[in-house]
Amino acid sequence: MTERTVTVTATGEATAVPTRGCIELRATGEGASAAEARERARDHEARVRDALATAGVDDVRSTEFSLDDPTERFDCDDSDDYRATAALSVDVPLDGVEEALVAATDAGATVHRLGTGVAAETRESLEREAVTAAMATAHGKAEAAAAAADGGLGSVRAVEVEPDDSFESIVESSIEWQDTTEFRPDPVAVAAAVEVTYELRGE
């Protein structure tokens, strides 16, 4: 006799108060040549770093350096300048975000985006909590399905946890980016989805 099973899907979520902030900044420089634009952008980057250091911020990373070449534009004008941009990522405790923002913008940097987050180990704990919550919901749904089929719920036959491929690294995975440059320390939320197959027992 073919074994009877029931397969259900469910989601779970876990939240935590953020403990850190991440600021993505842009320092730019313009010039008549690519070399001049790059030099001015590097000088601007140095001023921003000095301002942040004075504010007590020491976790500043260069993430990208780009050059806008006006000769590659369709509507290029001979008077157009080259524009170089240095991208910086600043990681600070949550209570230091506003001071870091003031220091960076006073030095002429522009805010690209803001994020809040938790330590990587806290994020991992939230992921486990979210999976546990999803499994509990799945069990409840499976029990209801078994009762409707005039049977009982047996053991778990298979579990599939939906992977989260939206993050590239353990550092990035601890940050949730906001769609605004206005700092808003919202709770960090982690969700998990599971698909669980249970054995059905006859009554």
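Among all positions in region 123-138, there is no residue which is touching a Phe, Trp or Tyr at 6+ places or on another chain (Cβ under 6 Å) and of a type outside the set (Ser, Thr, Tyr).
Residue count for region 132-150, restricted to those that are of a type in the set (A, V, I, L, M) and either surrounded by 20 or more Cβ atoms within 10 Å (Cβ to Cβ) or outside any helix (DSSP H, G or I) (or both): 5. Within the span defined as region 109-121, one or more residues are part of a helix (DSSP H, G or I) and of a type outside the set (Lys, Arg). Taking the listed residues ALA10, ALA37, ALA14, ALA27, the one that is surrounded by 18 or more Cβ atoms within 10 Å (Cβ to Cβ), closer than 30 Å to SER155 by Cβ and touching an Asp or Glu at 6+ places or on another chain (Cβ under 8 Å) is ALA14, with no other qualifying.
For region 40-56, a residue qualifies if it is open to solvent by 30 Å² or more (accessible area, probe 1.4 Å) and under 30 Å from ALA119 (Cα atoms), and the qualifying residues are ALA46, ARG47, ARG49, ASP50, ALA53, THR54, GLY56. All of (1) part of a helix (DSSP H, G or I); (2) open to solvent by less than 80 Å² (accessible area, probe 1.4 Å); (3) at pLDDT 95 or above hold for THR197 with one exception: (1). Within region 51-66, not a single residue is more than 30 Å from VAL161 (Cα to Cα) and in contact (Cβ under 8 Å) with a residue 60 or more places away in the chain. With the condition kept exactly as written, say whether any residue in region 52-64 is touching a helix residue (DSSP H, G or I) at 6+ places or on another chain (Cβ under 6 Å), in a helix (DSSP H, G or I) and within 24 Å of ARG184 (Cβ to Cβ). There is at least one residue in region 52-64 that is touching a helix residue (DSSP H, G or I) at 6+ places or on another chain (Cβ under 6 Å), in a helix (DSSP H, G or I) and within 24 Å of ARG184 (Cβ to Cβ).
The values are calculated or read from the model by the stated rules, or taken from the named source; none is laboratory data. All figures in this text were calculated on a predicted structure; none of them were measured in a lab. Backbone-built Cβ (ideal geometry, glycine too); neighbour counts: all protein chains shown. These accessible areas exclude ligands, DNA and RNA; they are computed on the full protein's heavy atoms, side chains included. Shrake-Rupley method; radii C 1.70, N 1.55, O 1.52, S 1.80 Å.
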